[in-house]
Amino acid sequence: MDPVVLARIQFAFTIGFHYIFPPLSIGLGVVLVITEGMYLRTGKDLYLRMTKFWAKVFALTFAMGVATGIVMEFQFGTNWSTYSRFVGDVFGSALAAEGIFAFFLESGFLAVVLFGWDRVKPGVHYLATVLVSLGSMFSAVWIIVANSWMQTPAGFHIVGEGDQARAEITNFAELVFNPSSMDRLFHTVMGAWLSGAFLVLSVSAYYILKRKHDDFARASMKIGLVLALVASLLQLFSGHRSAVIVSRHQPAKLAAMEGIYPEFEPAAVHVFGWVDEQSETVRGPRIPGLLSWLVHGDASEPVTGLHALPSNERPPVQVTFQAFHGMVAIGMGLILLSLLGVFFWVRGTLFKQRWLMRLFVISVLGPQIANQLGWAVAEVGRQPWIVYGLLRTSQGVSKVVDKTKIIASLGMFGFIYALLFVLFIFLLDQKIRQGPDGSNPHDPNLAMGGRAK
């Protein structure tokens, strides 16, 4: 197999596995801010128990995110040395900012959140919780800024030629606020909020079905429902905004997302379908003119199709199309599920709907799958460019790393990540089974079940 393909598979595997955890941390960080804020406002021990329980889960996801994220940075130097040389001056500032302003903020104050219940004042502890939540989101800011620069480069100039060429920053503000960064950031953060919200809903529904920790489960589910509904609706809005930006700056990606081949014609939205890449058609139901209306405000406005581009500048259509439609389908399902939950809550029958509770238990998978599909759309839809319009993926790979080494390291990563995933599931299951009242003999704060009076 081609070393370029193998290097892409390895990076996709490692980043895909890593991306299970940061969205959970970001979403749970918001949950902690809400629950501890309600504890300070009401003084109810229920919200204290809730905060401590979700803080333990947050700590687990944070630790897994750190452990799985380190590997990706080494791959920049091993598998993607030419790419690293090209973007190093640009990414250096963004990733340094992520480490200084986000990771240290999050990890530093996390110790106060976990162990400071009886050591600092309630207001100080809440400030630490807020800073941990902000730190998790600041990490997303700088990572998305760096990735968005690869999608829509801005604020730079090129120095050198050939393999020695590199991009240098000329305007840091333009780098940060490149054409796609803020819309992609909002879309990503809403996806993370959904991950946290539906984890809360899943665990709460499990307790309700098992008739355990009833007061905790009911209160957690209401908080999860509010966050899920807000985030899912905002996700729909942000998804539309992101598609408009894609239509302006990455027309090939938009064409692949909807399987559009004619050069300049009004374009339909496909509800679902299958791309026949030989006949260059899509089989499946569609809504004529809807894509033109969504991106231009006019159903008769033409949209750039793949025939307007050279064949060697077109992304893989089938993968991009299916990933995009899968992401949208899951997103709409999450909106429907959130609305159903709120509907039965308002009617006062939410906790009697056992069929709905079962759906909520498995719904935790929805945001995770949608997040993975969203990254597939962003990255596969950008091909054949690793930096859009400037550096091809085939040019960015290291010249001295052969396929044997990549296969060996990929196998090693697969084995280690499998062990890590089993460990994560085991520890998460253990915490859920212990419940909010479970005590750890090595943690005096949790063993006391609340703040010392």
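General remarks:
- Options W149, W117: the member that is within 19 Å of E379 (Cβ to Cβ) and crowded, with 19+ Cβ neighbours inside 10 Å: W149
- Checklist (1) under 28 Å from the mean Cα position of the chain (by Cα); (2) touching a residue at least 12 places away in the same chain (Cβ under 8 Å); (3) over 18 Å from A55 (Cα atoms); (4) surrounded by fewer than 18 Cβ atoms within 10 Å (Cβ to Cβ) applied to D163, failing item: (1)
- A single member of A128, A205, A146, A140 is small (G, A, S), under 18 Å from S238 (Cα atoms) and under 25 Å from the mean Cα position of the chain (by Cα), and it is A140.
- Flag if A243 is of a type outside the set (K, R), closer than 17 Å to V377 by Cβ and at pLDDT below 90: yes
Yes/no matrix, rows are residues, columns are (1) within 15 Å of the chain's Cα centre (by Cα); (2) farther than 19 Å from V189 by Cα:
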{"residue": "L24", "(1), (2)": "yes, no"}
{"residue": "G27", "(1), (2)": "yes, no"}
{"residue": "V33", "(1), (2)": "no, no"}
{"residue": "G37", "(1), (2)": "no, yes"}
{"residue": "L40", "(1), (2)": "no, yes"}
{"residue": "K44", "(1), (2)": "no, yes"}
{"residue": "Y47", "(1), (2)": "no, yes"}
{"residue": "F58", "(1), (2)": "no, no"}
{"residue": "F62", "(1), (2)": "yes, no"}
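- Residue check, A167 in contact with a Phe, Trp or Tyr (Cβ under 6 Å, 6 or more places away or on another chain) and part of a strand (DSSP E or B): yes
- Contacts under 7 angstrom Cβ, first residue in region 370-385 being touching a residue at least 60 places away in the same chain (Cβ under 8 Å), partner of a type in the set (D, E), 6 or more apart: P384/E313
- Checked against (1) touching a helix residue (DSSP H, G or I) at 6+ places or on another chain (Cβ under 9 Å); (2) more than 30 Å from P285 (Cβ to Cβ), L365 meets all criteria but (2).
- Against the test of being in a helix (DSSP H, G or I), farther than 27 Å from Q151 by Cα and of a type outside the set (A, V, I, L, M, F, W, C), the options G374, G414 yield a single qualifying residue, G414.
- The set of residues in region 263-312 that are under 21 Å from Q383 (Cβ atoms), of a type in the set (D, E, K, R) and part of a loop (DSSP other than H, G, I, E, B) comprises E263, E277, E280.
- In the set (1) in contact with a helix residue (DSSP H, G or I) (Cβ under 6 Å, 6 or more places away or on another chain); (2) aliphatic (A, V, I, L, M); (3) part of a helix (DSSP H, G or I); (4) within 26 Å of V189 (Cα to Cα), the condition left unmet by L359 is number (1).
- Taking the criterion of being surrounded by fewer than 21 Cβ atoms within 10 Å (Cβ to Cβ) and either on the phi > 0 side of the Ramachandran plot or among the β-branched types (V, I, T) (or both), the residues of region 120-134 that qualify are V120, V124, V130.
- Residues that are within 16 Å of the chain's Cα centre (by Cα) and of a type in the set (S, T, N, Q), drawn from region 364-399: Q368, N371, Q372
- Within region 135-167, the set of residues being among the aromatic types (F, W, Y) and under 13 Å from F91 (Cα atoms) comprises W142, W149, F156.
- Boolean, T320 is crowded, with 16+ Cβ neighbours inside 10 Å and touching a Phe, Trp or Tyr at 6+ places or on another chain (Cβ under 7 Å): no
- Single condition Y39 does not satisfy, out of (1) out of contact with any Leu (no Cβ under 7 Å at 6 or more places or on another chain); (2) more than 21 Å from I425 (Cα to Cα); (3) free of Cβ contacts under 8 Å to residues at least 60 places away in the same chain; (4) not charged (D, E, K, R): (1)
- Subset of region 389-417 (residues that are among the hydroxyl-bearing types (S, T, Y) and either in contact with an Asp or Glu (Cβ under 6 Å, 6 or more places away or on another chain) or buried (at least 18 other Cβ atoms within 10 Å of the Cβ) (or both)): T393, S398, S409, Y417
- Consider region 43-59 and keep the residues that are aliphatic (A, V, I, L, M) and within 15 Å of A111 (Cβ to Cβ). The one that is surrounded by the most Cβ atoms within 10 Å (Cβ to Cβ) is A55.
The values are calculated or read from the model by the stated rules, or taken from the named source; none is laboratory data. Everything quoted here is computed from the prediction, not taken from an experiment. Cβ sites come from the backbone with ideal geometry, for glycine too, and all protein chains shown count toward neighbours.
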